[in-house]
Amino acid sequence: PEYRGAAPAQWAIANGEKRTGITAMQMDAGMDTGDMLFSFAADIEKTDTAASLLEKLSVIGAAMVPSIVELLSAGGSFVRTPQDAARATYAPILKKEDGLVDWSSSAEAIDCRLRGFTPWPGAYSLLEGAKVDFLETAVPELSTDALPGTVLEDYLAGKHPRLLIAAGSGVLEVLRLQPQGRKAMRAEDYLRGADLRGKRFGTPAADAE
């Protein structure tokens, strides 16, 4: 496996990987370092979250088990393939702070992290000191010279307002969100009751400046 540790599927999505998979291995003293016995690949779709990918991988893993048990019960031996340690990447346990959006990153990178960290720790930012959780995002083909974290005012008006936020490169569109102390809602509904003109999302340090 390329990702070793507590959260390999989550970090694979968060890092923008296109493929992942399931590996059966001979356990040894290291963390996920044993020789590989079976390995099955799976595509990571653009809409996959950690929850949907783990469900997909659980089906693959369950289908793998009977073949392993059958071979063991028949006294068969496995072809053991050593891992290439140089290709391994550590996938540490997730922390709440991992969900804090870094607006200097690209819009695509932010979207990947949100999907990789769904359902936990999710993705969030601060708006005038209040926490806003982003539940679903997209990356439209738009560009802007606005500072990262800035709400693009041109899209706030009209019958169907859109919440578009400048990133380090590209633009992130928020489709669903949950403002602090309120229920989850569509961004369009949120914008009908919130005035975000001139507003900028950012970290606590940025909001304090």
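The values are calculated or read from the model by the stated rules, or taken from the named source; none is laboratory data. All values reported here derive from a predicted model rather than from experimental measurement. Here the Cβ is made from the backbone with ideal geometry for all residues, glycine too, and neighbour counts use every protein chain on show. Each accessible area value is taken on the protein alone, full model and side chains, heavy atoms only, with ligands, DNA and RNA left out. Shrake-Rupley method; radii C 1.70, N 1.55, O 1.52, S 1.80 Å.
A few remarks follow.
- Given a 1.4 Å probe and the protein chains as shown, SER67 ends up with an accessible area of around 60 Å².
- Over the residues of the chain, the helix contribution to mean residue ellipticity at 222 nm works out to -7000 deg cm²/dmol, using -39500 (n - 2.57) for each DSSP H run of at least 4.
- Label point distance in nm, ILE68-ARG182, each placed 7 Å from Cα along Cα→Cβ: 4.7 nm
- Accessible area expressed per residue, the stretch 22-61, with surrounding protein chains retained (probe 1.4 Å, Å²): 60 Å²
- Sorted largest first by accessible area at a 1.4 angstrom probe radius, with every protein chain in place, the residues TRP103, TRP120 fall in the order TRP120, TRP103.
- Convex hull projection area averaged over all views, the chain, Cα basis, nm²: 14.2 nm²
- Cα radius of gyration and Dmax for the stretch 53-118 (Å): 18.6, 56
- When the stretch 131-209 is reduced to its Cα atoms, the Kirkwood hydrodynamic radius in Å: 12.9 Å
- Take every pair of alpha-carbon atoms less than 8 Å apart whose residues are at least six positions apart; their mean separation over the length of the chain yields a relative contact order of 19 percent.
- Alpha-carbon centroid distance for the pair the stretch 59-92 / the stretch 125-172, whole angstrom: 44 Å
- Against the chain, whose longest principal axis is taken from its Cα atoms, helix 107-116 shows a tilt of about 50°.
- Those GluC sites (Glu not before Pro) in the stretch 1-99 that DSSP places in a loop and that have at most 13 other beta carbons within 10 Å: GLU45
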